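Report on the structure given below.
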Amino acid sequence: MPSPAVPFLDLRAAHDPLRPRLRAALDEALDTSAFAGGPFVERFESEFARFCGSRHAIGVGSGTEALWLALTALGVGPGDEVITSPATFMATAEAITFCGATPVFADIDPRTHTIDPEAVEAAVTPRTRAIIPVHLYGQMADMDPILATARRHGLRVIEDACQAHGAEYRGRRAGTLGDAGCFSFYPGKNLGAIGEAGAVVTDQPEVAEAVATLREHGQTRKYHHRRIGWNARMDGLQALVLSLKLAQLADGNARRREHARRYTELLADDPAITSPETAPERLHAFHLYVVRVSERDRVLAELARRGVMCGVHYPVPVHLQPAYRGLCCREGSLPNSERCAREVLSLPMFPELTADQVATVARELRDVVAHPARLALT
Ligand SMILES: *Cc1c(COP(=O)(O)O)cnc(C)c1O
């Protein structure tokens, strides 16, 4: 029997059927020379704002820039503290540090891997200026109590929706509940460019205007600079590609949810595997399907040996990264995020997965965790 081979992610499977249209998009960019910002970016901005249910979307160069510019636009700066989750990609905390502010990490709810609203409330100090909940793996954080804490203390809320395009909380889409929502269109995200891109969405015209100014060297018109900004424009070709791919996002997310439903069904009765939980009143976008297992690194290695490629998001919580050592939290201080970091395993997840591949992954995973002695030999 040939060994099963299931990639973790297959971007060619997404792009191959689009090749003629992607080539036409490149021609359109070459015909007009609208490469940096410009009409294609403006068109995508209005399409993405409509998709999210937001008044404004501002295209930028990456999700990292979206976070950094949203924080800056909302007035976060030196001396401020920003509460966020340690269970995230480094960029969330980095953006806070780049503003001159200090990240303060609050532990997660291990059932959803999103920030625990009670831990957020407990982390508020007189210097707290903002909260960044992270909608990790495609599931939105528990926004209502977080927004209540923000109202009580006069804090800004910036959603890190970089993994949550099209996810919902009580019928509202990711990015639209806080003061601003930040998206990444890195190629592997649910909506991915063929390069780097990101966006900030907001309902507040002043915030939209500030981000739009900041992404373009702080200029209000060409060569007139009101403040210090940066070059953080979205490029025109990426905007064309994103417009094409946005039309397929809802269908891709539905397919991801179907794969997730199958995974959960196939893994449900195995006590050695904890399947992801979707909290009530959330629509999960399943950017990642993340189970928890013990001996994770050895399970990961054995699955790879069998041709089933998995990932780990993320092996080290941000508060324990060497870059943040000494900032605040010792090992053991945020136990839920530390335990999850040791146990999380991301199974292959992308819309084009086949039912056979999902079944193969589930079967191999069950077999691997059923034989811990064999694992020890690998
Ligand atoms: C991808 C990601 C980012 C950063 O986005 P880039 O486009 O890679 O800069 C930030 N936060 C989270 C949670 C992400 O997954």
Legend entry - Cα centre as origin, Lys/Arg/Asp/Glu Cβ charges: segment 249-377 dipole, Debye: 260
Inset, instruction - For segment 226-275, state what percent of all Cα-Cα pairs lands in each successive 5 Å bin, counting from 0 Å until the bin that includes the largest distance. - result: 4, 16, 12, 11, 11, 10, 9, 10, 8, 5, 3, 1, 0
Legend entry - Alpha-carbon gyration tensor eigenvalues x 5, square-rooted, for segment 1-140, Å: 35, 25, 13
Inset, instruction - Compute the separation of the alpha-carbon centres of segment 306-359 and segment 79-142 and state it in Å as a whole number. - result: 17
Legend entry - Percent of Cα-Cα distances greater than 12 Å, calculated over segment 156-201: 56
Inset, instruction - Post the alpha-carbon centroid distance, segment 8-43 to segment 207-244, in whole angstrom. - result: 20
Inset, instruction - Please pull out the direction-averaged projected area of segment 249-377, using the convex hull of its alpha-carbon atoms, in nm² to one decimal place. - result: 9.7
Legend entry - Charge context of Thr92, other residues only, Cβ under 12 angstrom, K/R +1, D/E -1: -3
Inset, instruction - Obtain the nm distance between the two label points defined at Glu47 and Arg261 by a simple spin-label model: each point lies 7 Å from its Cα along the Cα-to-C-beta direction. - result: 2.8
Legend entry - Rg in Å to one decimal, and Dmax rounded to a whole Å, for segment 79-166 via C-alpha atoms: 11.7, 34
Legend entry - Environment charge at Gly229 (Cβ cut-off 15 Å; Lys +1, Arg +1, Asp -1, Glu -1): +3
Inset, instruction - Within the set of other residues whose C-beta is less than 13 Å from the C-beta of Pro335, count the net charge using Lys and Arg as +1 and Asp and Glu as -1. - result: -3
Inset, instruction - May I ask you to compute the full-extension gain from Ala250 to Asp27, defined as 0.36 nm times their residue separation minus their alpha-carbon distance, rounded to one decimal in nm? - result: 77.6 nm
Inset, instruction - Mind jotting down a quarter of the surface of the convex hull over the alpha carbons of the chain, in square nanometres, one decimal? - result: 19.6
Legend entry - Neighbour-count order for Trp68, Trp230, fewest beta carbons within 10 angstrom listed first: Trp230, Trp68
Inset, instruction - Could I have the simple spin-label model distance between Arg172 and Arg366, label points 7 Å from Cα toward Cβ, reported in nm to one decimal? - result: 4.1
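Computed from the coordinates by the stated procedures, all read-outs in this text should not be read as laboratory data. Values in this document were obtained by computation on a predicted structure and should not be read as measured data. With ideal geometry, Cβ positions are generated from the backbone for all residues, glycine too; neighbour counts draw on all protein chains shown.
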